[in-house]
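Heads up, the thing below is written out as structure tokens.
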Amino acid sequence: MRLEDAQKILKRPYVTERTFDQIEKENKLCFLVEDRVSKTQIAAAVRALYEVKVEAVNTSRTVRGKKAFVRLAEAGKAAELATKLGLV
């Protein structure tokens, strides 16, 4: 996947108290994503942009838009990536 396409899919990271706990306890990051993308496209975009292995993707639709909860394969990678993104 091209980086331009990946940047269009992932709008921005989404951080609340709940998602912050998920970073630490469940090795998950949350992103606001485009409405019409699939879970496989989201996983490919995360791999392309951040060079990490994705284990699973869960999505939900909210008032703010579509959210993707991305579980990373390697333990501790979510906290490391959150620090790199300036979320922590």
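Okay, here's what the table says:
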read-out	value
Which numbered condition Gln41 fails, given (1) within 13 Å of the chain's Cα centre (by Cα); (2) over 18 Å from Arg61 (Cβ atoms)	(2)
Residue check, Leu87 crowded, with 16+ Cβ neighbours inside 10 Å and at pLDDT below 95	yes
Subset of region 29-58 that is touching a helix residue (DSSP H, G or I) at 6+ places or on another chain (Cβ under 6 Å) and assigned to a loop (DSSP other than H, G, I, E, B) - its residue that is farthest from Ile9 (Cα to Cα)	Val52
Qualifying residues in region 50-74 (those that are of a type outside the set (Phe, Trp, Tyr), surrounded by 13 or more Cβ atoms within 10 Å (Cβ to Cβ) and within 18 Å of Val88 (Cβ to Cβ)) - the one farthest from the chain's Cα centre (by Cα)	Val52
Top-ranked residue in region 59-84 [being outside any helix (DSSP H, G or I) and of a type in the set (A, V, I, L, M, F, W, C); ranked as farthest from Lys8 (Cα to Cα)]	Ala75
Enumeration of residues in region 32-47 that are surrounded by 17 or more Cβ atoms within 10 Å (Cβ to Cβ) and either among the aliphatic types (A, V, I, L, M) or in contact with a Lys or Arg (Cβ under 7 Å, 6 or more places away or on another chain) (or both)	Val33, Val37, Ile42, Ala43, Ala44, Ala45, Val46
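Residue-by-condition table, conditions (1) out of contact with any Ser or Thr (no Cβ under 8 Å at 6 or more places or on another chain); (2) within 18 Å of Leu87 (Cβ to Cβ); (3) among the basic types (Lys, Arg):
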position: Thr16; (1), (2), (3): yes, yes, no
position: Cys30; (1), (2), (3): no, yes, no
position: Glu34; (1), (2), (3): yes, no, no
position: Val52; (1), (2), (3): yes, yes, no
position: Ala56; (1), (2), (3): yes, no, no
position: Arg61; (1), (2), (3): yes, no, yes
position: Arg64; (1), (2), (3): yes, yes, yes
position: Phe69; (1), (2), (3): no, yes, no
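The values are calculated or read from the model by the stated rules, or taken from the named source; none is laboratory data. Just so it is clear, the model here is predicted, and its values are computed rather than measured. As a convention, Cβ positions derive from the backbone with ideal geometry for all residues, glycine included, and neighbour counts pool all protein chains shown.
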